[in-house]
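Participant: Can you read through this structure? Questions will come right after.
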Amino acid sequence: MTTVLVTGATGFIGRRLVPALVEEGHDVRAMTRRPDSYDGPGTAVGADVSDRASLDRALEGADVAIYLVHSLDDPDFERKDAQAARNFSAAAAAAGVSQIIYMGGLGDDDDDLSAHLRSRREVEGLLGADGVPVTVLRAAIVVGHGGISWEITRQLVKNLPAMVVPRWVGTRTQPIALDDVVRYIVGVVGNEQAMDRVFEIGGTEQLTYLDMMKVAAQAMNGRTIPIITVPVLTPRLSSRWLALVTDVDATTGRNLIDSMTHEVVVTDTSIRDVVPGEPLSYRESVRRALAERQASEEKR
């Protein structure tokens, strides 16, 4: 039995990943800063990536560690995420962890990457700085109930009868279903073929953000909504616009929007050799995200 520590166990990906790992037969430790309030599967462990001593305790005896931590809602996220990765790398090495798995971001290293994507690259390197093999899964937008990028799309379509949008909506991306992200992470746990490798993961289609909004509108409303593209709408103005019409805060919105000017598509499909299976389409990803949201609302 493999002992797997999942950081961010109560977050967007973590809360879906932990049950999947338990189902696979792993001994799962769900790391959270508030273990007393954790009510999911696995064993709750209290730790904070900014506190090295707490990480030493959480990682003791772990075979694999899954790193799902970022600080996009903080203006100083680059520095904080870098220090957190240094802490985690050192603690994982000291504990004898055999593999760290990290969710990174798609994007060409030759591009002038946004601060968000640049930080993801930096964290990739820092996690392996003390010698623990790192498996990186790079994704663009993850489509699932509760995901920030998907929520921006859903709320814009829901709240606006028509949209005036910036020209970056014409940038191509390759969204992936949350179910596929979970499947890929589970598939690389302890997998010798995945050690010290970077994989690109995505859905079946390369779409513009405009295409994504149109498909979401059709799925939610049974019709498209009028969308007008304007040539000048800066990232700062775009983030304020998002804060007005969605519940995504301006800092997070700005950090994400800065990345939306970069084309982020899969150019290497080698993950399918390691974790076989056809990913879901964007339309099916949207259907599942909306169904999960509805089910969640009905439980309240």
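The values are calculated or read from the model by the stated rules, or taken from the named source; none is laboratory data. Model, not experiment: these values are computed from the prediction. Every residue, glycine as well, gets a Cβ built from its backbone with ideal geometry; the counts of neighbours run over all protein chains shown.
Participant: Between residues in segment 1-17 that are in a helix (DSSP H, G or I) and residues that are of a type in the set (S, T, N, Q), which pairs lie under 6 Å by C-beta distance while being six or more apart or on different chains?
Facilitator: Partner pairs satisfying both residue conditions: none exist.
Participant: Here is a further query. Spot the failing condition for Ser281; the list is (1) polar (S, T, N, Q); (2) more than 20 Å from the chain's Cα centre (by Cα); (3) surrounded by 14 or more Cβ atoms within 10 Å (Cβ to Cβ); (4) modelled with pLDDT of 65 or more, and only one is missed.
Facilitator: Tallying (1) polar (S, T, N, Q); (2) more than 20 Å from the chain's Cα centre (by Cα); (3) surrounded by 14 or more Cβ atoms within 10 Å (Cβ to Cβ); (4) modelled with pLDDT of 65 or more, Ser281 fails exactly one: (2).
Participant: For segment 178-212, which residues satisfy the criterion of being crowded, with 22+ Cβ neighbours inside 10 Å, more than 23 Å from Glu124 (Cβ to Cβ) and modelled with pLDDT of 95 or more?
Facilitator: none
Participant: Also, I was wondering about something else. Out of segment 55-113, which residues are at pLDDT 95 or above and among the polar types (S, T, N, Q)?
Facilitator: Across segment 55-113, the qualifying residues are Asn87, Ser89, Ser98, Gln99.
Participant: A further question follows. Could you tell me whether any residue of segment 37-50 is closer than 18 Å to Ala129 by Cβ and without any contact (Cβ under 8 Å) to a residue 60 or more places away in the chain?
Facilitator: Initial filter on segment 37-50 (closer than 18 Å to Ala129 by Cβ): 49-50.
With without any contact (Cβ under 8 Å) to a residue 60 or more places away in the chain added as a condition, the list becomes 49-50.
Yes, segment 37-50 has at least one match.
Participant: Out of Asp48, Asp27, Asp108, Asp56, which single residue is of a type in the set (Asp, Glu), within 14 Å of Leu5 (Cα to Cα), surrounded by fewer than 18 Cβ atoms within 10 Å (Cβ to Cβ) and within 22 Å of the chain's Cα centre (by Cα)? So that I can check it myself, show each step before the final result.
Facilitator: Numbers: Asp27 fails: within 22 Å of the chain's Cα centre (by Cα); Asp108 fails: within 14 Å of Leu5 (Cα to Cα); Asp56 fails: within 22 Å of the chain's Cα centre (by Cα).
Matching residue, one of Asp48, Asp27, Asp108, Asp56: Asp48.
Participant: Something else: Restricting to segment 265-284, name every residue that is in contact (Cβ under 8 Å) with a residue 24 or more places away in the chain and in a loop (DSSP other than H, G, I, E, B).
Facilitator: Our first condition is that a residue be in contact (Cβ under 8 Å) with a residue 24 or more places away in the chain; within segment 265-284, this holds for 265-271, 273-275, 277-284.
Hits for segment 265-284 are Val265, Val266, Thr267, Asp268, Thr269, Ser270, Val275, Gly277, Glu278, Pro279, Leu280, Ser281.
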